[in-house]
Amino acid sequence: MFLTMRAVWALLPGIALAVIAPRPATVLAWAGVVVVLIVIDVVCAPSPRRLRASRSVGHGVRLGESITSTLTLTNTGRRTVRLLLRDAWPPSAGASNERGRMTIPAAQRRRHSTVLTPRRRGDREAGPLTVRVAGPLGIAGRQASLTVPATVRVLPAFRSRRHLHSRLARLREMDGRSAVMVRGEGTEFDSLREYVVGDDVRSIDWRSTARRGEVLVRTWRPERDRRVLIVIDSGRLSAARLGDAPRLDAQIEAALLLAALASRAGDRVDVLAIDDAVRTQVRGSTGPVLMTELAEHLTDVEPRLTELDWTLLASRVRTVLSQRALVVVVSALDGSGGDAAMIRTLTTLARDHTVVLASALDPELEELRASRDNADSVYVAASAEKDLVELDAVRRRLRRSGVEVVEAPDQGLAPALADCYLDLKAAGRL
């Protein structure tokens, strides 16, 4: 049962009667009249339990995009129902237009649409459907909460998709370069063509020249069918907030763009999310299936307040890879004394593979270093400066060990990592 504002207005005449006849019996008598009216209104109101409800919503939506949930109500009773409804969803689902009014004649159905714009990854479960049916007097009515199950799977955002076209254009440009531009130990033979002035004489194919009677040169292209392993750190460093989102979201974004680019380049891509245990793994997928599986598997990966187990990471890399490959570790530089295991592991891996460490920068660190308004901020700035010095030392040690370090703000990490991949491919280091 519920009461409306009409119940309050119905009590107001009792005030005038109490002024005219100031007796307790007057107040009690009028209150009794209002209670009777409320009971009559509740009894005469159609039962909301006679409504049959169902929700229809798409299976998945990218983070930041919108999807419509359609609620269908069917009146199985014999009377017309005028109702007020609330299509409840958790706050992270970003529901709008969740309240509505509708009139449903007997044996008919009506639909109500709720627009969802989720703000978090993962499965968002629908809440109860609350329905209020007022009585004929509009003083009171019946209320019921109906369980109408529905789930929206919020996939990781892929905003960096807009950078894919330009990187693919650069990849096609690399494929079409002349021999003098791409010749190197990491390139593979493509075709023969006639010699033109300016070609590297070292690319002349003397056997084909002798057979054809004209000078022919070999052309090369970046190697294909290489192995690319992307390791995403889901430990405590990935839980740091960069703007409105955790660092893990920027890491997933970078992994998605690199996977899409490497797959288009003809390379085989594997992805691993790990902290103190392996959280998810995608192996052996190619083409559109790869991106679909990545979105599905990375949806449920959340940052955990545990340290990344670098020994486990090295063990998994050796298990997955049996030949030289590109290993991309999407993590964060840590200059607080926890860098020894990272440097030791990445240095060891760099002996057998091409290793890249991609890290999303924390813009607040620079802001803290620049702020010196009072004594407290000076101490904070000194601490930030010390942290930056330690990070620079770790960065230099990694680069001396042969590890490529890619750093960029959260929104720029994905294109920066894609550019690093293309540079390595052009240099024949894959």
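The values are calculated or read from the model by the stated rules, or taken from the named source; none is laboratory data. Since we're looking at a predicted model, the values are computed, not measured. For neighbour counting, all protein chains shown are included, and Cβ atoms are generated from backbone atoms with ideal geometry for every residue, glycine included. These area figures cover heavy atoms from the full protein model, side chains too; ligands, DNA and RNA do not enter into them. Shrake-Rupley method; radii C 1.70, N 1.55, O 1.52, S 1.80 Å.
Here are a few things to note about the model shown:
- Solvent exposure of His297, expressed as accessible area, is near 70 Å², computed with a probe of 1.4 Å over the protein chains only.
- Calculated FRET value between Val215 and Thr311, using beta carbons and R₀ = 60 Å, to 0.05: 0.60
- In the chain, the portion of solvent-accessible area held by carbon and sulfur atoms comes to 53 percent [1.4 Å probe, whole percent, DNA, RNA and ligands not counted].
- Each Lys and Arg Cβ is given +1 and each Asp and Glu Cβ -1; about its Cα centre, the chain then shows a dipole of about 2400 debye.
- Acute angle (nearest 10 degrees) that the helix 413-426 long axis makes with the longest principal axis of the chain, alpha-carbon atoms: 20
- GluC sites (Glu not before Pro) lying in DSSP loop within region 213-320, provided at most 11 other Cβ fall within 10 Å: Glu214
- Using the Cβ-Cβ distance between Ser383 and Glu302 with R0 = 35 Å, the FRET efficiency computed as 1/(1 + (r/R0)^6) comes to roughly 0.75.
- Phi-based couplings in Hz for region 151-160 (Karplus 6.51, -1.76, 1.60; Gly and Pro marked x): 9, 10, 8, 9, 7, x, 5, 10, 5, 6
- The listed residues Trp310, Trp30 rank as Trp30, Trp310 when sorted by accessible area, largest first, using a 1.4 Å probe.
- Shape analysis of region 18-100 places it in the oblate category; the axes a ≥ b ≥ c from the Cα gyration tensor give an a/c of at least 1.5, with a/b not above b/c.
- Using a probe of 1.4 angstrom and keeping all protein chains present, the accessible surface of region 54-113 works out to 54 square angstrom per residue.
- Multiplying the residue separation of Arg52 and Ser66 by 0.36 nm and subtracting their alpha-carbon distance yields 2.4 nm.
- Which of Thr4, Thr354 is most accessible, then next, and so on - probe 1.4 Å: Thr4, Thr354
- Rolled with a 1.4 Å probe across the full set of protein chains, the surface gives Arg212 an accessible area near 150 Å².
- Once the 1.4 Å probe is applied to the protein heavy atoms, region 306-430 comes out at 48 Å² accessible per residue.
- Taken one residue at a time, the phi angles of region 18-26 give Karplus couplings (6.51, -1.76, 1.60, θ = phi - 60°) of 5, 6, 5, 10, x, 10, x, 5, 5 Hz. Gly and Pro are set to x.
- Among (i) 20.1, 64; (ii) 26.2, 120; (iii) 32.9, 126, the entry derived from the coordinates for Rg and Dmax of the Cα atoms in Å: (iii)
- Taken about its Cα centre, region 317-394 carries a charge dipole of roughly 680 debye when the Cβ of each Lys and Arg holds +1 and the Cβ of each Asp and Glu holds -1.
- Against the chain, whose longest principal axis is taken from its Cα atoms, helix 247-264 shows a tilt of about 50°.
- If you plug the beta carbon distance of Ile20 and Ser145 into 1/(1 + (r/R0)^6) with R0 = 51 Å, you get a FRET efficiency near 0.75.
- Phi-derived couplings, Karplus 6.51 cos²θ - 1.76 cosθ + 1.60 at θ = phi - 60°, listed residue by residue for region 227-232: 9, 10, 10, 9, 10, 9 Hz, with x used for Gly and Pro.
- Inter-site label distance for Arg399 and Trp206 at 7 Å from Cα along Cβ, in nm: 4.2
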